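Quick notes on the structure that follows.
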Amino acid sequence: MVRFIVRRFVSLVVVLFSLSVLVFVLQRVGNADPVRAYLGPNASQAAIAATRIRFGLDKPLIVQYFDYLGGLFHGDLGMSYSTRRPVAVELADKVPATLELAAWVLFFAVILAVVLAGIYTLKGPVSGVIRFVFFSFASAPSFLLATLMLLFFFKQLHWFPAVGRITDTSGGGPTGFYVLDGLLTGNLAYSLDAIQHLVLPALAASLGLGVALARVLADGLSSGMASNYARTARSLAETERSILFRHSLRNASSPALSMLGVLSGAMLSSLVVVEQIFSWNGLGQYLSTAIASADFPAVAGVSLVLGAVYVILTAIVDVVLALVDPRVKLT
Amino acid sequence: MPRSQRLLKLIGAAVIATVALAGCATTASGSTSGSKTLHLAYLGDIPAPDPDTAYASPELALVNGAYEGLIAYKSGVPTAQLEPVLATDWKVDSTNTVFTFNLRQGVTFHDGTPFDASAVKASFDRRTAVNQGPAYMVAGVKSVDAPTDHQVVITLKAPNSAFLAYLASPFGPKMMSPTALKAHSANNGTNYFDTHDAGTGAYEFGTFKKGTSYNLTAYPKYWGAAPKYTAIDFTVVSNISTVQLEIEGGQLDGIIGFGDKQALASYKADSTLNTYEFPSLQTPTLFLNPKSKAFTDQATRVSLLSGLDFPSIASKALGTTGKSTTEVFPPTMIDAAGDQQTIAHSASALSTLASGALSGTSLKIGYMAQSPAAQALAENIAAELNTAKISAKTISYPNGTFYSTMADPATAPDMAILSGYPDTAHPDSWARIFYTPGGGLDIFGTDVPGIQAQLDAMLVSGDPAGYSQVAHDVSASGYFYSLATVLGTAVLSKSVTGADKAWNLVVPDLLDLKLLAPKA
């Protein structure tokens with residue numbers, strides 16, 4: 001276990017370092033003018049020169065990079081050029097929003113995958129129709145799904161809100177995870193309101209992931225039900241349902257979990273679009289604004305956080321995989 | 001029952017219960033009609049609404065709601081008129097150097113500090129110290145003297161006939177409480193004043209949730225007529241489609257400012273809404289790059305501009321959100337008779353160029369990515385050129401790279417469109433910024449001989465007649481063409497009144513919030 005943690009920590013450092021170099025280089029080869037973005041179009045030449053020095057943009061590129069890296073070690077991600085606030089402070093607001101949404105996306109995706117996989121293993125026309133319907137939805141890009149959900153569940157049925165994370169924005173809690181904050185402060189209505197806001201964006205982002213997982217899971221279940229251990233279980237008078245859930249599901253989980261780890265990165269990317277559509281005040285919305293305004297510290301900050309989240313997510317998936325499947329060893 | 005099966009059933013039940021509970025709970029819906037809180041949308045998040053850094057129209061709604069300057073432009077009128085705000089009257093000496101203001105009495109800042117002459121100097125000093133984009137407006141101030149508590153005398157280092165316009169601008173210096181400035185002097189209070197105000201306006205900053213919502217509440221001791229809405233909530237919504245759904249659903253009362261002509265047409269069809277199109281000074285301008293090989297010759301530039309059918313291009317590109325212009329300066333800035341573009345339309349000019357000076361040339365037309373008006377104009381110009389067999393394509397540049405790309409001869413396109421508006425209604429604020437290399441928005445750094453000297457002379461004399469010569473020289477150069485004027489837009493529920501008197505001429509998407517009222 002110690003070896004596993006050390007290896008993952010090293011890979012985390014390598015990923016973050018590579019990301020920081022990549023984003024830094026990309027920003028420099030682009031034609032961005034952060035000082036103009038920071039000061040506004042009518043700034044005087046004197047103000048532009050002074051700000052260039054203040055941000056260290058007059059220094060050699062390599063010095064700028066190591067200044068930035070030095071700041072990272074002290075938790076200083078720099079100052080956003082467009083909002084003029086420390087990036088670390090901005091991310092402290094955005095990260096919980098995106099992580100909360102991501103957690104619900106994964107939750108919905110896993111539930112959907114298990115339910116669909118169960119249905120897929122059934123014979124008959126209903127299974128085929130359901131497979132076709134979900135596959136069609138999963139083929140649609142997430143922005144289209146999100147828009148359809150808004151039109152149906154918000155505009156027509158008035159079931160769920162269209163915008164934001166919470167109705168009463170004056171409240172808040174210790175963690176920034178609103179569902180959890182409501183529970184921690186004993187405010188169930190707050191948690192329910194947060195869930196209401198979460199359902200549509202989480203569903204929009206989870207559908208494709210869930211259907212993809214379901215296919216892998218269903219294949220595993222089918223081959224599991226035809227395997228030697230299933231035959232043995234049948235000979236011991238176990239019911240089909242028991243064989244499915246006690247034996248087949250567990251065995252089929254390994255490839256599905258591996259795939260979940262891989263797809264987590266894609267899921268984080270799709271959240272960028274979903275956050276835009278639902279005005280979800282998370283990393284995606286922040287990133288799209290930052291890119292448009294050539295806000296390097298903000299873009300780099302989000303990239304580093306998303307990189308770290310991806311490495312941690314895959315590590316968690318590996319741990320779960322080892323728990324589910326004793327044949328898997330953590331190395 | 002096996003453990004895994006029980007677990008699955010439990011999860012299934014939890015999901016169903018969660019969705020059912022969430023779905024059955026009442027969403028925040030229902031009309032806001034009759035409410036004393038006005039719910040408006042922000043299309044995307046805003047930078048900090050600090051009066052000395054704010055330099056885009058969305059955050060100006062908050063700044064100008066909570067802060068006031070000595071004077072302002074009168075709202076809801078199509079020509080610029082100065083009106084008193086925290087100064088009751090003023091006097092300018094014959095050299096445009098010494099400006100004397102008598103200050104309004106009985107005014108308090110939101111922290112309770114009485115407004116007097118000391119606030120003027122403190123506020124000017126802060127703007128200078130913060131030294132962001134709008135700092136140029138006070139850079140020429142030599143001294144701020146206070147003969148009495150209710151009079152200030154501002155002396156400039158050099159004559160400046162535009163100085164009153166700076167003070168009246170929505171971007172202009174706002175009065176801030178000296179007490180608050182002293183209490184939050186670290187780093188000039190630039191973090192504190194991102195979320196707290198220290199103004200005298202009809203509204204105070206309420207709860208700010210960065211990226212989510214911004215709230216203004218009525219200031220109970222406001223010196224003027226009490227605002228009719230007790231609170232104004234701005235909700236950040238990322239896309240115009242969702243804004244439309246929220247307005248239709250009654251969660252929002254409207255949105256001020258957006259450049260989407262399709263969305264506006266859709267709003268117009270909704271009988272529960274009022275759509276507004278206000279006059280403005282925003283004038284999309286076509287810049288021809290003097291460093292482009294295609295445009296080194298003035299005759300080619302003029303010929304290209306004369307060949308394009310700009311009224312048709314403006315109509316197709318902007319619909320009802322803008323209109324074609326024949327003037328060089330934004331409308332009403334100077335006398336229209338002396339402001340006409342000198343290039344007359346010639347239907348055959350483009351075909352002559354296609355087989356002559358621009359034969360085999362491929363033109364690039366750049367525009368800023370987040371400017372729908374500039375994009376639509378660029379695409380229509382490219383279409384007209386391509387129809388005339390002059391190869392042209394449009395290129396979108398992100399806001400953060402637009403200016404630096406234009407300034408770099410290696411990367412700059414042959415032409416570019418910038419849909420800008422001046423900081424003030426004074427002609428110097430347009431001509432100096434757009435037509436002189438040091439101005440900031442002369443994006444290719446074009447230097448038309450003699451313009452700078454003419455502008456400098458008129459800044460001293462204040463004689464408006466000289467701007468006609470500037471208009472003539474700019475137009476004749478063939479480097480610039482004013483394409484259209486873009487109207488300010490707003491969509492508001494019919495329960496909201498007063499917008500027709502609240503719009504701002506200088507900043508297209510800014511309404512004087514205290515003039516809005518719920519329908520009786």
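Scan region B:446-459 and tell me whether some residue there is within 14 Å of chain A (Cβ to nearest Cβ) and among the hydrophobic types (A, V, I, L, M, F, W, C). Step through it out loud before you land on a result.
The first filter runs over region B:446-459 and keeps only residues within 14 Å of chain A (Cβ to nearest Cβ), leaving none.
So far as region B:446-459 goes, no, none of its residues is within 14 Å of chain A (Cβ to nearest Cβ) and among the hydrophobic types (A, V, I, L, M, F, W, C).
Any idea how many residues of region B:133-161 are within 19 Å of residue B:456 (Cβ to Cβ), buried (at least 23 other Cβ atoms within 10 Å of the Cβ) and of a type in the set (Gly, Ala, Ser)?
0
Are any residues in region A:230-254 under 30 Å from the mean Cα position of the chain (by Cα), surrounded by fewer than 19 Cβ atoms within 10 Å (Cβ to Cβ) and among the small types (Gly, Ala, Ser), and if so, which ones?
Once the filter is applied, which keeps residues that are under 30 Å from the mean Cα position of the chain (by Cα), surrounded by fewer than 19 Cβ atoms within 10 Å (Cβ to Cβ) and among the small types (Gly, Ala, Ser), region A:230-254 yields only A:254.
I'd like to check something: does region B:65-77 contain any residue that is within 14 Å of chain A (Cβ to nearest Cβ), crowded, with 21+ Cβ neighbours inside 10 Å and in contact (Cβ under 8 Å) with a residue 12 or more places away in the chain?
Checked region B:65-77: no residue is within 14 Å of chain A (Cβ to nearest Cβ), crowded, with 21+ Cβ neighbours inside 10 Å and in contact (Cβ under 8 Å) with a residue 12 or more places away in the chain.
Tally up the residues in region A:98-153 that are among the polar types (S, T, N, Q) and either outside any helix (DSSP H, G or I) or within 13 Å of chain B (Cβ to nearest Cβ) (or both), please. Even if it seems obvious, please write down each step before you answer.
Applying the first criterion (among the polar types (S, T, N, Q)) to region A:98-153 yields A:98, A:121, A:127, A:136, A:139, A:142, A:147.
After this cut, where a residue has to be either outside any helix (DSSP H, G or I) or within 13 Å of chain B (Cβ to nearest Cβ) (or both) as well, the list is A:98, A:147.
Qualifying residue count for the region: 2.
Among (1) in contact with a helix residue (DSSP H, G or I) (Cβ under 6 Å, 6 or more places away or on another chain); (2) more than 14 Å from chain A (Cβ to nearest Cβ), which single condition is residue B:274 missing?
(1)
Testing residue B:421 on (1) touching a residue at least 60 places away in the same chain (Cβ under 8 Å); (2) away from every other protein chain (no Cβ under 14 Å), one condition comes back false. Which one is that?
That leaves (2) as the condition not met.
For region A:100-129, give me the residue count where each residue is under 30 Å from residue A:308 (Cβ atoms) and either of a type outside the set (A, V, I, L, M, F, W, C) or buried (at least 17 other Cβ atoms within 10 Å of the Cβ) (or both).
First pass over region A:100-129, keeping only residues under 30 Å from residue A:308 (Cβ atoms): A:100-114.
Still in the list and also either of a type outside the set (A, V, I, L, M, F, W, C) or buried (at least 17 other Cβ atoms within 10 Å of the Cβ) (or both): A:100-102, A:104-114.
Matching residues across region A:100-129 total 14.
Looking at (1) away from chain B (no Cβ under 14 Å); (2) under 28 Å from residue A:144 (Cβ atoms), which is the only condition residue A:235 fails?
(2)
Among A:209, A:203, which is the only one that is of a type in the set (A, V, I, L, M, F, W, C) and within 14 Å of chain B (Cβ to nearest Cβ)?
Values: A:209 fails: within 14 Å of chain B (Cβ to nearest Cβ).
Selected residue: A:203, the only one of A:209, A:203 that is of a type in the set (A, V, I, L, M, F, W, C) and within 14 Å of chain B (Cβ to nearest Cβ).
Assess whether residue B:408 counts as being within 30 Å of residue B:257 (Cβ to Cβ), under 27 Å from the mean Cα position of the chain (by Cα) and either outside the structural domain of residue B:137 (by TED's automatic domain parsing) or surrounded by 20 or more Cβ atoms within 10 Å (Cβ to Cβ) (or both). Outline the logic, then answer.
On the way: within 30 Å of residue B:257 (Cβ to Cβ): no; under 27 Å from the mean Cα position of the chain (by Cα): yes; either outside the structural domain of residue B:137 (by TED's automatic domain parsing) or surrounded by 20 or more Cβ atoms within 10 Å (Cβ to Cβ) (or both): yes.
In short, no.
Quick one: residue B:257 ticks every box in (1) within 14 Å of chain A (Cβ to nearest Cβ); (2) closer than 28 Å to residue A:283 by Cβ; (3) not charged (D, E, K, R) bar one, so which box is it?
With respect to (1) within 14 Å of chain A (Cβ to nearest Cβ); (2) closer than 28 Å to residue A:283 by Cβ; (3) not charged (D, E, K, R), residue B:257 is out only on (1).
Each row is one residue, and each column tells you yes or no for (1) outside any helix (DSSP H, G or I); (2) of a type in the set (Lys, Arg); (3) away from every other protein chain (no Cβ under 14 Å).
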residue	(1), (2), (3)
A:246	no, yes, no
A:256	no, no, yes
A:261	no, no, yes
A:289	no, no, no
A:319	no, no, yes
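Where residues in region B:28-46 are over 13 Å from residue B:254 (Cβ atoms) and at pLDDT below 50, which of them is surrounded by the most Cβ atoms within 10 Å (Cβ to Cβ)?
Restricting to residues being over 13 Å from residue B:254 (Cβ atoms) and at pLDDT below 50, the top hit is B:28.
Those residues that are of a type in the set (Lys, Arg) and outside any helix (DSSP H, G or I), I need them from region B:97-153; list them, please.
B:104, B:142
Quick one: count up the residues across region B:172-192 that are modelled with pLDDT of 95 or more and either surrounded by 21 or more Cβ atoms within 10 Å (Cβ to Cβ) or touching a helix residue (DSSP H, G or I) at 6+ places or on another chain (Cβ under 6 Å) (or both). Walk me through how you get there before you give the answer.
To start, the set of residues in region B:172-192 that are modelled with pLDDT of 95 or more comprises B:172-184.
After this cut, where a residue has to be either surrounded by 21 or more Cβ atoms within 10 Å (Cβ to Cβ) or touching a helix residue (DSSP H, G or I) at 6+ places or on another chain (Cβ under 6 Å) (or both) as well, the list is B:172-178, B:180-181, B:184.
Summing the residues that are modelled with pLDDT of 95 or more and either surrounded by 21 or more Cβ atoms within 10 Å (Cβ to Cβ) or touching a helix residue (DSSP H, G or I) at 6+ places or on another chain (Cβ under 6 Å) (or both) in region B:172-192 gives 10.
Out of the residues in region A:154-194 that are part of a helix (DSSP H, G or I) and more than 20 Å from residue A:96 (Cα to Cα), state the one that is farthest from the other protein chains (Cβ to nearest Cβ). I'd like the intermediate steps shown before the answer.
Initially, region A:154-194 is screened for residues part of a helix (DSSP H, G or I), giving A:154-156, A:178-184, A:188-194.
After this cut, where a residue has to be more than 20 Å from residue A:96 (Cα to Cα) as well, the list is A:154-156.
Numbers: A:154: 6, A:155: 6, A:156: 10 Å.
Per the stated criteria, the residue is A:156.
The values are calculated or read from the model by the stated rules, or taken from the named source; none is laboratory data. Quantities reported herein were computed from a predicted structural model and do not represent experimental measurements. Cβ coordinates were reconstructed from backbone atoms using ideal geometry, including for glycine residues, and neighbour counts include every protein chain displayed.
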